[in-house]
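Input: a single structure, listed below in structure tokens.
The values are calculated or read from the model by the stated rules, or taken from the named source; none is laboratory data. What you see is a predicted model; the values in this text were computed from it and never measured. All Cβ positions, even for glycine, are placed from backbone atoms using ideal geometry, and neighbour counts span all protein chains on display. Keep in mind that these areas ignore ligands, DNA and RNA; they rest on the heavy atoms of the full protein, side chains included. Shrake-Rupley method; radii C 1.70, N 1.55, O 1.52, S 1.80 Å.
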Amino acid sequence: MLKQSLQYKLLQKLSPQQIQLMKLIQLPTQAFEQRLKQELEENPALESGKEKNEEFEDTFQDDYENDGSENINTEDINIDEYLSDDEIPNYKTQANNYSADDEDKQVPYASGISFTQHLKNQISTFRLNEEEEIIADFLIGSIDESGYIRRDLADILDDLAFTQNIYTTIEELERLLKIVQQLDPAGVGARNLKECLLIQLKRKEEQPSVSLAINILENSFEHFVKKHYNKLLQKFHISEEELKKAIKEIEKLNPKPGGSYINNNKIAEQIVPDFTIRIVEGELELTLNSRNAPELHISKEYNDLLRGYKEAKNKSKTQKDAVLFVKQKLDAAKWFIDAIKQRQQTLLLTMNAIMQYQKEYFLTGDERKLKPMILKDIADLIGMDVSTVSRVANSKYVSTPYGTKLIKEFFSESMKNTQGEDVSTREIKNILASVVKEEDKKKPLTDDKLAAILKEKGYPIARRTVAKYREQLDIPVARLRKQI
């Protein structure tokens, strides 16, 4: 038996302009500046900077007559919409709630060489024949960003034969790998963590703690990794003090030698706060970074093109095509200016609501004053969608008297304490971190014990929740926190 049913679906479709606006809202200051620069380059009808205010002549009529010859009717194009006495005043974005930022200075940076090239420059100082140099370069090319060779030597052997027409042996590869492992930074070219640490230790000045550290890694690496200190004490017949010194030597080593070079030759991304919160006479003052509030206007030349078209008595096909192009560019410029204005309003509205919601924290800097706050709380306050608040919170920074903070850090879930009060999960995490910091590192606290301590402090949470918070704080399990 066939059944017919009628279903209604409510679908919300965003226009391309709305999607673009959402993308603009999500951009932090530096990315926004790049987007602004791109738009200025692509749309000649859009200009930046202050504009001289020149009055136009009297208002023109909306309609135009068609004389029936080569003249063309302007149809739906209303030129007056694009011309006004003060050149689009409604789209000006100037206001008095933007911070007076310091002069934006461009700092020149010297260009560095790549990590691979850095290693190849060093290998060229060794006495190698042509084939050995090709193999050594091939090994260097197999080193990843962390400084390791993750591929099996047998695979590299095959690749040398197929791509370089070089037939060699595993023993020869091993010999040349030992040469590569002499390069800087120390530990580069290792095939695993154990080898990486041993390479670095063997370059150190010989002393008892270093010799013991080498012995431990070579013969009891698993016991060391799992922090089975009692087994190490028994196996090597050493005192706790001797073991402590050996472990200290290992802890000084770099487990990712490639990272040290790359980080030193990479320009660190500079965080530019999107907002600034100051305390002025006991009250909070919010400003938006002025780099988010550019002065934009419609090009005078494009307005003149429209005025010339409107004043022309005979309007040709070519002229109409030109005015359609101008209209398209002006529409895009008007929309972009308006979108930037909406972006500014959305950013200020959202951040102001967050500031007022967390007023006690911003006045004191005491993280215990942070109230439980979720995206919906702010969305309801400002009458916007949760996704809009999320776009602001996840990508924007605010400068406060207590440092520059990522806005999403002020959001946290809530739970009830033993008094039935709502407390922020962030507060619980801070207490958890403090308890772990003060624990006896010889007998670190298990998750069960941590849960019991938090319960005593008035926060009844389950062991699995403690484990979740501990992982979010990047705190390892008790066994790996153990020290001698």
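Annotations for the structure displayed:
- Taking the range 359-381 as the range and being touching a residue at least 24 places away in the same chain (Cβ under 8 Å) and buried (at least 18 other Cβ atoms within 10 Å of the Cβ) as the test, the residues that pass are Tyr361, Phe362, Leu370, Lys371, Met373, Leu375, Ile378.
- Selection status of Ile431, in a helix (DSSP H, G or I), open to solvent by less than 40 Å² (accessible area, probe 1.4 Å) and under 30 Å from Lys248 (Cα atoms): yes
- Top-ranked residue in the range 186-227 [being small (Gly, Ala, Ser) and over 25 Å from Glu241 (Cα atoms); ranked as most open to solvent (accessible area, probe 1.4 Å)]: Ala186
- In summary, helices (runs of 4 or more DSSP H) completely within the range 118-185 and bearing 2 or more residues that are open to solvent by 80 Å² or more (accessible area, probe 1.4 Å) and closer than 16 Å to Ile199 by Cα occur at 170-180.
- Per the listing Pro257, Pro273, the residue uniquely open to solvent by 20 Å² or more (accessible area, probe 1.4 Å), within 24 Å of the chain's Cα centre (by Cα) and modelled with pLDDT of 85 or more is Pro273.
- Leu347 passes every criterion in (1) more than 17 Å from Phe32 (Cα to Cα); (2) touching a residue at least 40 places away in the same chain (Cβ under 8 Å); (3) not small (Gly, Ala, Ser) apart from (1).
- Test for Asn303: is it surrounded by fewer than 18 Cβ atoms within 10 Å (Cβ to Cβ), at pLDDT below 90 and part of a helix (DSSP H, G or I): no
- Count of residues meeting criterion [exposed (fewer than 15 other Cβ atoms within 10 Å of the Cβ), part of a helix (DSSP H, G or I) and not basic (Lys, Arg)] in the range 436-457: 4
- Residues in the range 392-414 that are part of a loop (DSSP other than H, G, I, E, B), surrounded by fewer than 16 Cβ atoms within 10 Å (Cβ to Cβ) and free of Cβ contacts under 8 Å to residues at least 60 places away in the same chain: Tyr402, Glu413.
- Selected residue [under 26 Å from Phe224 (Cα atoms), modelled with pLDDT of 90 or more and of a type outside the set (S, T, N, Q)] from Lys178, Lys194, Lys204: Lys178
- The single condition among (1) within 26 Å of Lys256 (Cβ to Cβ); (2) at pLDDT below 85 that Ile135 does not satisfy is (2).
- The C-beta contact set for the range 104-125 (first residue at pLDDT 75 or above, second residue among the aromatic types (Phe, Trp, Tyr) and not in a loop (DSSP other than H, G, I, E, B), distance under 8 angstrom, 6+ apart or interchain) comprises Phe115/Tyr261; His118/Tyr261.
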